[in-house]
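The values are calculated or read from the model by the stated rules, or taken from the named source; none is laboratory data. A quick note: this is a predicted structure, and the numbers were derived from the prediction, not measured. Cβ: placed from backbone, ideal geometry, glycine included. Neighbour counts: every protein chain shown. Just the protein is used for accessible areas: all its heavy atoms, side chains included, with ligands, DNA and RNA removed. Shrake-Rupley method; radii C 1.70, N 1.55, O 1.52, S 1.80 Å.
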Amino acid sequence: MNRDIQFDDAGKLRHFLTVDGMSRETLTGILDTAESFVTVGEREIKKVPLLRGKTVVNLFFEPSTRTRTTFEIAGKRLSADVINLNAARMSVTKGESILDTVRTLEAMHTDLFVVRDSASGAAHLIAKHLPPHVRVINAGDGRHAHPTQAMLDMFTIRRVKGKIEGLKVAIIGDLLHSRVARSQIHALKTLGAAEIRAVGPRTLIPTEIETLGVAATSDMEKGLRGVDVVMMLRLQRERMDGQLVPSEREYFNRYGLTEEKLRHAAPDATVMHPGPINRGLEISSGVADGPRSVILEQVTNGIAVRMSIMATIMGGSEERI
Ligand code: NCD
């Protein structure tokens, strides 16, 4: 996939499609800008005028709660006009291609598309076919990437741990179907995590993962030992064809994160999950709702981080917030 399309001729970030290949400075800049947006959400009037007069279209061809809603709130807090399109009710179901749908919306002078699709590469394809002044953010494409989720995860880690550099991180569960894990790995590596482990049944760990510098193990205890951050993943049963996991009870026994298993991690380990969570399958309620969990902070942070990404690619981040 051509990553260069993300940048304009002057090297400025134009689209946000993948974190793979983005520099440490770019990622850190987005996280720093997000810090300044956190306070906006805590004000009485939660708005800044950075995207006033701009039109943002949320184009979601797959279900979503957190991502779609936080993009909508982020756009509104930046004073943009935000339109949400529920793809199930749109012309694509009447046979129109995604590109024709996008061109139609572009004809209405959309400035930014936020795209989620079940096909890997959908956001890239759209970005390639739009005129240069129209921006695209990838809100999850197939199994490929979910870069804004990875950035809100990095932001959350940085807020809780004070840094990302030098940390040991375990990513646990269904990595095979996870666009989140792929983006997390790229972001963690670029931002200097000391060690990244992939933990789960062999059937759910992609074979090429070790080429990314990640140590794979199917031994939960070994995978958790001494880690600072535990990133749980949802078992994506809707993407599985065939029997990739044993019974749910057995999966929970071996890989479900419980207070007991968490004892193998560092004493101050932080537990994360992008949501939606399957309680009693990949994580126990005790851990999900417990003191180490930052699952709801991740959701809240998603707003400031998405504001930062929107403002950065629309060129408004240097202005007064
Ligand atoms: C993730 C997704 O859609 O990729 N969720 C999210 O964006 N919060 C992970 C998942 O669906 O399990």
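Observations, loosely collected:
- Matching residues in region 213-240 - criterion: being surrounded by fewer than 16 Cβ atoms within 10 Å (Cβ to Cβ), within 19 Å of residue 183 (Cβ to Cβ) and near the ligand (Cβ under 10 Å from one of its atoms): 239
- Some residue of region 264-280 being more than 14 Å from the ligand (Cβ to nearest atom), out of contact with any Ser or Thr (no Cβ under 7 Å at 6 or more places or on another chain) and in a helix (DSSP H, G or I): no
- Residue check for residue 148: more than 16 Å from the chain's Cα centre (by Cα), part of a helix (DSSP H, G or I) and over 16 Å from residue 271 (Cβ atoms): no
- Scanning region 26-85 for residues that are in contact (Cβ under 8 Å) with a residue 24 or more places away in the chain, within 29 Å of residue 277 (Cα to Cα), exposed (fewer than 15 other Cβ atoms within 10 Å of the Cβ) and away from the ligand (no atom under 16 Å from the Cβ) yields 35, 46.
- Evaluating residue 154 against the criteria (1) within 16 Å of the ligand (Cβ to nearest atom); (2) in a loop (DSSP other than H, G, I, E, B) leaves one unmet condition, (2).
- Comparison of 170, 181 shows that the only residue that is more than 15 Å from the ligand (Cβ to nearest atom), in contact (Cβ under 8 Å) with a residue 24 or more places away in the chain and out of contact with any Ser or Thr (no Cβ under 6 Å at 6 or more places or on another chain) is 170.
- Annotation: of all residues in region 1-25 being out of contact with any strand residue (DSSP E or B) (no Cβ under 8 Å at 6 or more places or on another chain), assigned to a loop (DSSP other than H, G, I, E, B) and of a type in the set (D, E, K, R), the one that is most open to solvent (accessible area, probe 1.4 Å) is 9.
- Filtering region 281-316 to residues that are in a helix (DSSP H, G or I), farther than 20 Å from residue 38 by Cα and open to solvent by less than 30 Å² (accessible area, probe 1.4 Å) leaves 287, 288.
- Test for residue 210: is it in contact with a strand residue (DSSP E or B) (Cβ under 9 Å, 6 or more places away or on another chain), in a helix (DSSP H, G or I) and among the acidic types (Asp, Glu): yes
- Single unsatisfied condition, residue 244 versus (1) out of contact with any strand residue (DSSP E or B) (no Cβ under 9 Å at 6 or more places or on another chain); (2) under 22 Å from residue 182 (Cα atoms); (3) assigned by TED's automatic domain parsing to the domain that holds residue 127: (3)
- Looking across region 106-129, the residues that are away from the ligand (no atom under 13 Å from the Cβ) and open to solvent by 20 Å² or more (accessible area, probe 1.4 Å) come down to 106, 107, 108, 109, 111, 119, 125, 128, 129.
- In region 201-217 there is no residue matching the filter, namely being of a type outside the set (Lys, Arg), in the same structural domain as residue 278 (by TED's automatic domain parsing) and touching a His at 6+ places or on another chain (Cβ under 7 Å).
- Candidate set from region 184-197 (those that are in contact (Cβ under 8 Å) with a residue 60 or more places away in the chain and either within 16 Å of the ligand (Cβ to nearest atom) or aliphatic (A, V, I, L, M) (or both)); member that is most open to solvent (accessible area, probe 1.4 Å): 186
- Residue match in region 87-99 (condition: touching a helix residue (DSSP H, G or I) at 6+ places or on another chain (Cβ under 9 Å), open to solvent by less than 10 Å² (accessible area, probe 1.4 Å), in a loop (DSSP other than H, G, I, E, B) and without any contact (Cβ under 8 Å) to a residue 60 or more places away in the chain): no
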